[in-house]
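The values are calculated or read from the model by the stated rules, or taken from the named source; none is laboratory data. All values reported here derive from a predicted model rather than from experimental measurement. Cβ placement follows ideal geometry from the backbone for every residue including glycine, while neighbour counts extend to all protein chains displayed.
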């Protein structure tokens, strides 16, 4: 077992930053350096004002404040950090491919390969390389091949240590994880590397929650976990549409089935659809892997989860158009929320982007407010992920930093993110500001339905 004194993490994003901050806080005897090629991101991590960290997570600023400058460092000096470390975490983006073979489904591993080649070229001593990014099964094999064949004679052990963080609760998930999964080669050297990582986590995680497996089981477990969670969301969303047709209430159905101990209550909240960086990407990756092995039925099964999610977002937008008398041209629609879920500023694959695109195609005017997402990010999302021109976005999208004038003369209000503050608004006062008849489309089922109806709103939730 190698004594770990220095850790390097390549990638200062939503996974690398929080994970390394917690490791540094819990292991003060280990120097942890997080490196990234983006100088603006590193500058934000080093900002004296902890409220300006590039990742918003409840409790993260406090954790960073404890360790930063003591044994937690953020730097653009990648080669130096690699050279000094005994253990290197790879925590870079693995987006879905937008080109070539596997376009639209396979994971793009170019950043992973670049990391492996850089580690190999810099390393003069033996290293343990830890996959932290979500990767297709058997990626470790490719990383090991690059490390062993393009380096300076140093020896490498590759471990898989997938993250199971939920954005919005990432710090709690790191401090009190359901489990920590570590996969490695089933050899003497591989088991020694596994134990080196086990020792780090055991500083604060009970050892019975640290699972060790072979590499391939660990890599596949991450994809499978996200697929199962997303499947539950799509499953309850499919039932929500049936509820709307039959007069059943999806919340009551979810409560009834959730009391079954074999099912449980989690991930049974009907909504406008799931988003985030993981669910869709990982399921598409799973679909691609299954198809690459000729497992057509397996691929079709999991692809349906994505199809159902897209359908849910689409029918939410269509409901807004239909209820507003089949025309929303020139009508002001307020978006409450832009992040893909509450307690995060992450907008990747947010349902709000998809719904906004459909409504803007119908020539609606959008007024958008999110307590943690900047105007710059919202405009960037609309520019990158829709077919809308910059002129249309500038003319018909207004991003608000507060709610002072947000609701003035609005024809409809759509809840896209389940921020707690939306539930505490004075809806009786909002009713006086909006155009009548006043419509609320609650894409997260978080508002007090009967109260809004009593104020005069026409209320539409999901699945009731």
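Applying the selection to segment 397-424, what residues are touching a helix residue (DSSP H, G or I) at 6+ places or on another chain (Cβ under 7 Å) and either loosely packed, with under 13 Cβ neighbours inside 10 Å or farther than 25 Å from residue 383 by Cβ (or both)?
Answer for segment 397-424, where residues must be touching a helix residue (DSSP H, G or I) at 6+ places or on another chain (Cβ under 7 Å) and either loosely packed, with under 13 Cβ neighbours inside 10 Å or farther than 25 Å from residue 383 by Cβ (or both): 407, 408.
Give the residue, chosen from 283, 306, that is within 25 Å of the chain's Cα centre (by Cα), under 27 Å from residue 354 (Cα atoms) and surrounded by 22 or more Cβ atoms within 10 Å (Cβ to Cβ).
283
I want to confirm something. Restricting to segment 245-256 and keeping residues that are over 29 Å from the mean Cα position of the chain (by Cα) and in a helix (DSSP H, G or I), which single residue is nearest to residue 316 (Cα to Cα)?
245
Cβ-Cβ below 9 Å, separation at least six or inter-chain, first residue in segment 448-464 and on the phi < 0 side of the Ramachandran plot and at pLDDT below 95, second in a helix (DSSP H, G or I) and surrounded by fewer than 13 Cβ atoms within 10 Å (Cβ to Cβ): which pairs?
From segment 448-464, the pairs are 464/252.
Take the conditions in a loop (DSSP other than H, G, I, E, B), over 27 Å from the mean Cα position of the chain (by Cα) and free of Cβ contacts under 8 Å to residues at least 24 places away in the same chain and apply them to residue 405. Does it pass?
yes
Among the residues of segment 1-26, write down those that are part of a loop (DSSP other than H, G, I, E, B) and under 23 Å from residue 190 (Cα atoms).
1, 2, 3, 4, 5
Assigned to a strand (DSSP E or B), at pLDDT below 95 and touching a strand residue (DSSP E or B) at 6+ places or on another chain (Cβ under 7 Å) - does that describe any residue in segment 64-84?
No: segment 64-84 contains no residue that is assigned to a strand (DSSP E or B), at pLDDT below 95 and touching a strand residue (DSSP E or B) at 6+ places or on another chain (Cβ under 7 Å).
Output the number of residues of segment 424-447 satisfying the condition of being touching a residue at least 60 places away in the same chain (Cβ under 8 Å) and not in a loop (DSSP other than H, G, I, E, B).
Total meeting the criteria: 2.
Contact list please: Cβ distance under 8 Å, first residue in segment 165-182 and farther than 18 Å from residue 223 by Cα, second residue surrounded by fewer than 19 Cβ atoms within 10 Å (Cβ to Cβ) and modelled with pLDDT of 95 or more, pairs at least six apart or on different chains.
171/59; 172/59; 175/204
Would you mind finding the one in 314, 329, 350 that is in contact (Cβ under 8 Å) with a residue 24 or more places away in the chain, under 21 Å from residue 383 (Cα atoms) and out of contact with any helix residue (DSSP H, G or I) (no Cβ under 8 Å at 6 or more places or on another chain)?
Answer to the selection: 329.
Just one of the numbered conditions (1) part of a loop (DSSP other than H, G, I, E, B); (2) without any contact (Cβ under 8 Å) to a residue 24 or more places away in the chain; (3) within 22 Å of residue 205 (Cα to Cα) is not true of residue 58; which one?
Here residue 58 meets the rest and fails (2).
Can you find a residue in segment 94-110 that is at pLDDT 95 or above and surrounded by fewer than 17 Cβ atoms within 10 Å (Cβ to Cβ)?
Scanning segment 94-110 turns up no residue that is at pLDDT 95 or above and surrounded by fewer than 17 Cβ atoms within 10 Å (Cβ to Cβ).
In segment 183-210, which residue that is surrounded by fewer than 14 Cβ atoms within 10 Å (Cβ to Cβ) and either within 28 Å of residue 276 (Cβ to Cβ) or free of Cβ contacts under 8 Å to residues at least 24 places away in the same chain (or both) is farthest from the chain's Cα centre (by Cα)?
Here the residue is 188.
If the requirement is being out of contact with any helix residue (DSSP H, G or I) (no Cβ under 6 Å at 6 or more places or on another chain) and either free of Cβ contacts under 8 Å to residues at least 60 places away in the same chain or surrounded by 15 or more Cβ atoms within 10 Å (Cβ to Cβ) (or both), which of these qualifies: 85, 67, 25, 21?
85
If you check 377, 394, 363, which single one turns out to be outside any helix (DSSP H, G or I) and out of contact with any helix residue (DSSP H, G or I) (no Cβ under 7 Å at 6 or more places or on another chain)?
Unique residue meeting the criteria: 363.
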